[in-house]
Amino acid sequence: AVESVQSSLAKQLQQEGEKNKALERRLVAALDSSKESERQIAVHESELLRHKVEMNAMATQTRPLATQVAAVESGLTQAREAAERKLVKQEALIQEVMSDQRK
């Protein structure tokens, strides 16, 4: 009877040991997966930071260009307005000359 109980306990211990080993493998696999996820997150964060730095650099380069474009646009507007004033004066002069010729 004692041997039967001992045999039964030995089987239970063996089964529990196998369950514990299976759980341990699952835990190790989960830990490995978690570490890989953390690594991937770190890689993505690094890439995001790099993109942010690149975007800031582009913005820094774009600001002077925007200022230059605004200056050119302003210069073009002033030149167009000056040309329009000159054209109005020339048209008035032509009208004056034509009027004088009719007299």
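Things worth noting here:
- Cβ-Cβ distances below 7 Å connect no pair with a first residue in the range 44-64 that is modelled with pLDDT under 95, a second residue that is not aliphatic (A, V, I, L, M), and a separation of six or more residues or different chains.
- Scan the range 24-40 for residues that are open to solvent by less than 90 Å² (accessible area, probe 1.4 Å) and either among the hydrophobic types (A, V, I, L, M, F, W, C) or not in a helix (DSSP H, G or I) (or both) and the total you get is 3.
- Check on T67, open to solvent by less than 100 Å² (accessible area, probe 1.4 Å) and at pLDDT below 95: yes
The values are calculated or read from the model by the stated rules, or taken from the named source; none is laboratory data. Just so it is clear, the structure is predicted and the values come from calculations on it, not from any experiment. Ideal geometry is used to build each Cβ from the backbone, glycine not excepted, and the neighbour counts take in all protein chains shown. We work out accessible area using only protein heavy atoms, side chains counted, and drop any ligands, DNA or RNA first. Shrake-Rupley method; radii C 1.70, N 1.55, O 1.52, S 1.80 Å.
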